[in-house]
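Data first, discussion second: the structure below is written as structure tokens.
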Amino acid sequence: MKIGVLLFNLGGPERLEDVKPFLYNLFSDPEIIRVKFTPLRKAIAFTIATLRHKKSQGYYRQIGGGSPLRKLTEEQAKAVQDELRNRGHDVETFVGMCTWHPFFAETLPKIEAGKIDRLVILPLFPQFSVTTTGSGFALLRGLIERSPRLKNTTTKWIRSWQDHPTYIDSFVDLIKKEVEKFSNPTAVQLLFSAHSIPESYVREGDPYLDQTKESVEGIMDRLGRGNPYQLSFQSKIGPVKWLQPFTNDMIKDFGKRGISDVLVIPISFVSEHIETLYELDILYKHVAEDAGVKNFRRVPALNSDPTFIRALAEIVESSL
């Protein structure tokens with residue numbers, strides 16, 4: 001039996017000229033801009049992309065001129081394929097993105113050509129949200145249903161894996177390495193930073209907040225709860241009320257309380273991209289300096305960390 005595994009993420013602009021169309025694609029998503037009338041939603045997306053793209057280009061310019069997300073995801077897919085083949089599986093991995101190349105519509109013909117017997121859909125979002133995994137599933141279901149070959153292929157949809165033991169271990173290992181770089185490891189304040197979503201989504205049943213807390217508590221259990229810790233949220237967009245506390249507000253609060261050693265953990269991000277490389281490493285580092293937090297460090301994203309790749313392989317295996 002040949003297995004196909006589709007790893008998917010949001011996607012990111014690879015060049016500065018990609019930023020405006022990427023933003024348009026992002027805000028055209030009905031789970032991001034909740035306007036049912038498609039022409040109006042697309043008009044809103046075009047307006048936001050037009051107003052924001054030059055500012056966003058400035059952010060991407062500071063991290064090298066584009067997002068590394070595609071390259072890192074392709075490396076993850078190759079590593080997962082190698083791990084699964086080493087475990088005796090006949091498998092081929094594929095990469096698809098929701099809002100930038102390679103789009104799902106570009107990837108599905110490759111999956112069809114692979115002549116697979118079973119397809120596993122693996123979102124690279126540990127915690128489920130309608131804004132990420134849910135949105136990707138909706139796009140994929142429509143495309144698969146229109147594919148004569150794939151619509152009759154047994155497909156497993158992996159919804160979330162926020163508490164998978166090996167995924168937890170991968171973060172624990174990285175946190176331990178970073179904590180030891182401080183002069184007083186047991187005094188380091190751990191700050192888990194996750195992408196925020198509107199509070200209304202949670203009230204409507206989105207499990208993202210509970211699952212993010214579950215990941216944090218699982219990590220703290222494995223660490224032995226020797227350090228103070230806090231969950232916060234970043235990347236708010238628009239005027240509605242989003243999940244709080246915000247990461248930059250927590251950093252300022254640490255400064256007011258005289259906390260000088262802070263280690264940030266990007267808990268909802270599995271790859272380096274704009275929200276880690278710019279928001280955490282550049283923007284929030286300046287916030288920390290201004291707040292008087294002397295030692296501000298970040299745990300690297302999981303990327304192709306061997307323990308994390310093993311976790312993804314185990315997640316795929318458990319779905320078969």
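The values are calculated or read from the model by the stated rules, or taken from the named source; none is laboratory data. Just so we're clear, the structure is a prediction, and the values are computed from it rather than from any experiment. For neighbour counting, all protein chains shown are included, and Cβ atoms are generated from backbone atoms with ideal geometry for every residue, glycine included. What goes into the accessible areas is simple: the full protein's heavy atoms, side chains included, and nothing from ligands, DNA or RNA. Shrake-Rupley method; radii C 1.70, N 1.55, O 1.52, S 1.80 Å.
State yes or no: is residue 95 at pLDDT below 95 and either among the β-branched types (Val, Ile, Thr) or under 20 Å from residue 313 (Cα atoms) (or both)?
Numbers: at pLDDT below 95: no; either among the β-branched types (Val, Ile, Thr) or under 20 Å from residue 313 (Cα atoms) (or both): yes.
No: the conditions fail for residue 95.
What are the residues in segment 179-207 that are within 24 Å of residue 166 (Cβ to Cβ), within 18 Å of the chain's Cα centre (by Cα) and open to solvent by 10 Å² or more (accessible area, probe 1.4 Å), if any? Matches in segment 179-207: 195, 207. Taking segment 300-313 as the range and being part of a loop (DSSP other than H, G, I, E, B) and over 21 Å from residue 59 (Cβ atoms) as the test, the residues that pass are 302, 304, 305. Each residue in segment 23-49 was checked for being over 20 Å from residue 133 (Cβ atoms) and surrounded by fewer than 20 Cβ atoms within 10 Å (Cβ to Cβ), and 14 of them qualify.
Any chance you could count how many residues in segment 136-177 are more than 24 Å from residue 3 (Cα to Cα) and either open to solvent by 10 Å² or more (accessible area, probe 1.4 Å) or of a type outside the set (S, T, N, Q) (or both)?
10
Within segment 271-296, the set of residues being surrounded by fewer than 17 Cβ atoms within 10 Å (Cβ to Cβ), among the charged types (D, E, K, R) and not in a helix (DSSP H, G or I) comprises just one member, 294.
For segment 27-59, filtered to residues that are among the aliphatic types (A, V, I, L, M) and assigned to a loop (DSSP other than H, G, I, E, B), the residue that is modelled with the lowest pLDDT is 32. The set of residues in segment 181-237 that are free of Cβ contacts under 8 Å to residues at least 40 places away in the same chain, over 26 Å from residue 257 (Cα atoms) and outside any loop (DSSP other than H, G, I, E, B) comprises 203, 209, 210. Would segment 48-71 turn up any residue that is without any contact (Cβ under 8 Å) to a residue 12 or more places away in the chain and within 17 Å of the chain's Cα centre (by Cα)? Checking segment 48-71: at least one residue is without any contact (Cβ under 8 Å) to a residue 12 or more places away in the chain and within 17 Å of the chain's Cα centre (by Cα). Count of segment 50-78 residues, restricted to those that are within 22 Å of residue 314 (Cα to Cα) and either open to solvent by 40 Å² or more (accessible area, probe 1.4 Å) or in contact with a Leu (Cβ under 7 Å, 6 or more places away or on another chain) (or both), is 6.
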